[in-house]
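Structure record follows, encoded as structure tokens.
The values are calculated or read from the model by the stated rules, or taken from the named source; none is laboratory data. Quantities reported herein were computed from a predicted structural model and do not represent experimental measurements. Using ideal geometry, Cβ is built from the backbone for each residue, glycine included, and neighbour counts are taken over all protein chains shown. To get the accessible areas, we keep the full protein, side chains included, count just its heavy atoms, and leave off ligands, DNA and RNA. Shrake-Rupley method; radii C 1.70, N 1.55, O 1.52, S 1.80 Å.
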Amino acid sequence: VMAQAIQEFLPARRVVAVDVVDRYFKTLSVETRVYDGQRLPFDEGAFDAATINNVMHHVPVPIRADLMREVRRAVKGPVYIKDHVATSSLDHARLTVLDAIGNIPFGGQVQANYLTEAEWQALAEAAGYRIAARFSGAYRSGLMVLAFPNRLETTMRFEPV
């Protein structure tokens, strides 16, 4: 759905949605690809930018840097990442519940390992990026913000170094 919105609202020449499982809505008009989790099916520098939405916490820790290096190979510009930041075991529990609510109805992955600020920084550096900007908005209000504080959500711009 994010890829569809990018295609509709931004001046992008080509938008492709990529995942390791084909769970794409049949109503999408964007190009979709399933890949093997190792090598993205694109030439080096094929894209000007990329976005990764609520994915990295589902990627096994030992291969996160490899994934980001593979993104770096296929994308010559910035990578916009929307994901989560955990600072405590309570945050991990909160995010696990939030992930279950968001993923189980769609058959998505529930197993997750949420990153701390330091882990995000280390991941960026390991893959040849710097975190050039961060944003954390007021996504929730009322009782929901007590259960799931807005600080758990983050959006970052990874710039190639």
Please verify whether residue 113 is touching a Pro at 6+ places or on another chain (Cβ under 9 Å) and under 29 Å from residue 22 (Cα atoms), treating the condition exactly as stated. yes
Going through the range 88-119 in order, the residues found to be acidic (Asp, Glu), touching a helix residue (DSSP H, G or I) at 6+ places or on another chain (Cβ under 9 Å) and free of Cβ contacts under 8 Å to residues at least 60 places away in the same chain are 99, 119
Only one of 91, 99 is in a helix (DSSP H, G or I), over 25 Å from residue 130 (Cβ atoms) and either touching a Ser or Thr at 6+ places or on another chain (Cβ under 6 Å) or open to solvent by less than 50 Å² (accessible area, probe 1.4 Å) (or both), namely 99
Given (1) at positive phi; (2) in contact (Cβ under 8 Å) with a residue 60 or more places away in the chain, residue 76 misses just (1)
When every residue in the range 125-154 that is touching a residue at least 60 places away in the same chain (Cβ under 8 Å) and closer than 18 Å to residue 92 by Cα is compared, the one most open to solvent (accessible area, probe 1.4 Å) is 151
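One line per residue, one yes/no per condition, for (1) farther than 19 Å from residue 148 by Cβ; (2) outside any loop (DSSP other than H, G, I, E, B); (3) open to solvent by 40 Å² or more (accessible area, probe 1.4 Å):
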site: 4; (1), (2), (3): yes, yes, no
site: 36; (1), (2), (3): yes, no, yes
site: 66; (1), (2), (3): yes, yes, yes
site: 86; (1), (2), (3): no, no, no
By residue number, the members of the range 102-116 that are part of a helix (DSSP H, G or I) and open to solvent by 70 Å² or more (accessible area, probe 1.4 Å) are 104, 105, 106
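Table: residues versus (1) under 17 Å from the mean Cα position of the chain (by Cα); (2) under 30 Å from residue 44 (Cα atoms); (3) modelled with pLDDT under 90.
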residue	(1), (2), (3)
93	no, no, no
103	yes, no, yes
109	yes, yes, yes
112	yes, yes, no
115	yes, yes, no
124	yes, yes, no
152	yes, no, no
Of the conditions (1) at positive phi; (2) exposed (fewer than 15 other Cβ atoms within 10 Å of the Cβ); (3) touching a helix residue (DSSP H, G or I) at 6+ places or on another chain (Cβ under 9 Å), the single one that residue 122 does not satisfy is (1)
Scanning the range 47-58 residue by residue, those surrounded by 15 or more Cβ atoms within 10 Å (Cβ to Cβ) and over 14 Å from the mean Cα position of the chain (by Cα) turn out to be 47
The residue that is modelled with the highest pLDDT, considering only those in the range 126-150 that are out of contact with any Ser or Thr (no Cβ under 7 Å at 6 or more places or on another chain) and of a type in the set (D, E, K, R), is 130
Q.
On the basis of being out of contact with any Pro (no Cβ under 8 Å at 6 or more places or on another chain), in contact (Cβ under 8 Å) with a residue 40 or more places away in the chain and of a type in the set (Ser, Thr, Tyr), does residue 27 make the cut?
A. no
